[in-house]
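J.: Take this structure first; my questions come after.
The values are calculated or read from the model by the stated rules, or taken from the named source; none is laboratory data. In this text the structure is predicted, and so the values were computed from the model without any measurement. Here the Cβ positions follow ideal geometry from the backbone for every residue, glycine too, while neighbour counts run over all protein chains shown.
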Amino acid sequence: MVAAMWIRSTLAYRSSFALTFLSSLVATFFDFVVILLMFGQVRGLGGFSFAEVAFLYGATGTSFGLADLVMGSLPRMGKRVRDGSLDTFLLRPAPVLAQVAADRFALRRLGRIAQGLLVLVWGLVVLEGVEWTPLKVLLVPVMLLSGALIFAALMVLGASLLFWLQDAGEVTSSFTYGGNTMLQYPPTIFAQDLVRGVVYVVPLAFVNWLPALYVLGRTPPAGVPGWAAFASPLVAAVCCAVAGLAWRAGLRSYQSTGS
């Protein structure tokens, strides 16, 4: 109901919404322009073709866009904890997380999803040498949804930390926005220690790297088993469970401002 209220208020000014939607679409497209310019000078990046990088970019962009649409208001948690405005949500007979996520629901974030989907579809169309099977076709939407859940769980986990570290919003965003930027590029251009970190520590590799490598017919990073390409739903479930526990712990520790 809260999200619907913000959607109605946004659509009350349709011209303004159209402009903000287009500006969001264009702003996020500039990230892909960097890749376009890069491939204007080289034929491959880390052994990946332009179409393969577009596939990686579109997959992570769509997943992150879905998570950002639903949970994009969570970075404000630090301010809410500092000024005590979170108290308002505690008084309402509804889950606090749902209220915080729905507050100031920004429909303009659909621009990021649209841009990611456009690049993803284009990348899939121009991909060459991929032997499509029913399993690979099914893995693409599963990858997108699982990736969205992983990003959303990281956003909730980051917001949970703000109960104790009110001014650490930029640090938590480095794992979401920064992770999205990193996953736009092939894993072969990064150091192996970093790749292992996003597989075994912060499981960002399950957003698109591991399932995408299977779809593209490429071998996973050294030391990563082949079945990991299908583990994204399980990893997403574990991440959501951990984020839920962290959120409950943070909410129980909240003591308002005392004023």
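J.: Quick one: which residue in THR88, THR28 is among the β-branched types (Val, Ile, Thr), touching a helix residue (DSSP H, G or I) at 6+ places or on another chain (Cβ under 6 Å) and part of a helix (DSSP H, G or I)?
T.: Step by step, each of THR88, THR28 is checked, and only THR28 is among the β-branched types (Val, Ile, Thr), touching a helix residue (DSSP H, G or I) at 6+ places or on another chain (Cβ under 6 Å) and part of a helix (DSSP H, G or I).
J.: Are any residues in the range 1-25 closer than 30 Å to ARG92 by Cα and in a helix (DSSP H, G or I), and if so, which ones?
T.: VAL2, ALA3, ALA4, MET5, TRP6, ILE7, ARG8, SER9, THR10, LEU11, PHE17
J.: Counting only residues that are farther than 26 Å from PRO134 by Cβ and either at pLDDT below 90 or touching a Gly at 6+ places or on another chain (Cβ under 9 Å) (or both), how many does the range 201-220 have?
T.: Of the residues in the range 201-220, 2 are farther than 26 Å from PRO134 by Cβ and either at pLDDT below 90 or touching a Gly at 6+ places or on another chain (Cβ under 9 Å) (or both).
Rundown of residues vs (1) in contact (Cβ under 8 Å) with a residue 12 or more places away in the chain; (2) surrounded by fewer than 22 Cβ atoms within 10 Å (Cβ to Cβ); (3) in contact with a His (Cβ under 6 Å, 6 or more places away or on another chain), yes/no style:
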site: MET155; (1), (2), (3): yes, no, no
site: PHE163; (1), (2), (3): yes, yes, no
site: THR176; (1), (2), (3): yes, no, no
site: MET182; (1), (2), (3): yes, yes, no
site: THR188; (1), (2), (3): yes, yes, no
site: GLN192; (1), (2), (3): yes, yes, no
site: GLY197; (1), (2), (3): no, yes, no
site: PHE206; (1), (2), (3): yes, no, no
site: TYR214; (1), (2), (3): yes, yes, no
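J.: Which of the residues belonging to the range 95-125 are in a helix (DSSP H, G or I) and of a type in the set (Phe, Trp, Tyr)?
T.: Within the range 95-125, just TRP122 meets the criteria.
J.: So for the range 70-85 (the condition being at negative phi and modelled with pLDDT of 90 or more), does at least one residue qualify?
T.: The answer is yes, given that some residue of the range 70-85 is at negative phi and modelled with pLDDT of 90 or more.
J.: From the set of residues in the range 221-233 that are loosely packed, with under 12 Cβ neighbours inside 10 Å and either assigned to a helix (DSSP H, G or I) or among the hydroxyl-bearing types (Ser, Thr, Tyr) (or both), which is modelled with the highest pLDDT?
T.: Only one residue fits best here, namely TRP227.
J.: Scan ARG218, ARG252 and give me the residue that is without any contact (Cβ under 8 Å) to a residue 12 or more places away in the chain and surrounded by 12 or more Cβ atoms within 10 Å (Cβ to Cβ).
T.: Of ARG218, ARG252, the one residue that is without any contact (Cβ under 8 Å) to a residue 12 or more places away in the chain and surrounded by 12 or more Cβ atoms within 10 Å (Cβ to Cβ) is ARG218.
J.: Same structure, new question: Please identify the pairs in which a residue from the range 39-54 that is in contact (Cβ under 8 Å) with a residue 24 or more places away in the chain and within 14 Å of LEU216 (Cβ to Cβ) has its Cβ atom under 9 Å from the Cβ atom of a residue that is surrounded by fewer than 18 Cβ atoms within 10 Å (Cβ to Cβ) and polar (S, T, N, Q), counting only partners at least 6 apart or on another chain.
T.: LEU45/THR188; GLY46/THR188; GLY47/THR188; PHE48/THR188
J.: Right, something else. Listed residues THR219, THR176, THR188, THR181; which is more than 21 Å from ALA237 (Cβ to Cβ) and under 14 Å from the mean Cα position of the chain (by Cα)?
T.: Testing whether each residue is more than 21 Å from ALA237 (Cβ to Cβ) and under 14 Å from the mean Cα position of the chain (by Cα) leaves just THR181.
J.: Do we find a residue being among the small types (Gly, Ala, Ser) and touching a Phe, Trp or Tyr at 6+ places or on another chain (Cβ under 9 Å) anywhere in the range 85-96?
T.: no
J.: Being free of Cβ contacts under 8 Å to residues at least 40 places away in the same chain and among the β-branched types (Val, Ile, Thr) narrows it down to one residue among THR88, THR62; which is it?
T.: Going through THR88, THR62 in turn, just one is free of Cβ contacts under 8 Å to residues at least 40 places away in the same chain and among the β-branched types (Val, Ile, Thr): THR88.
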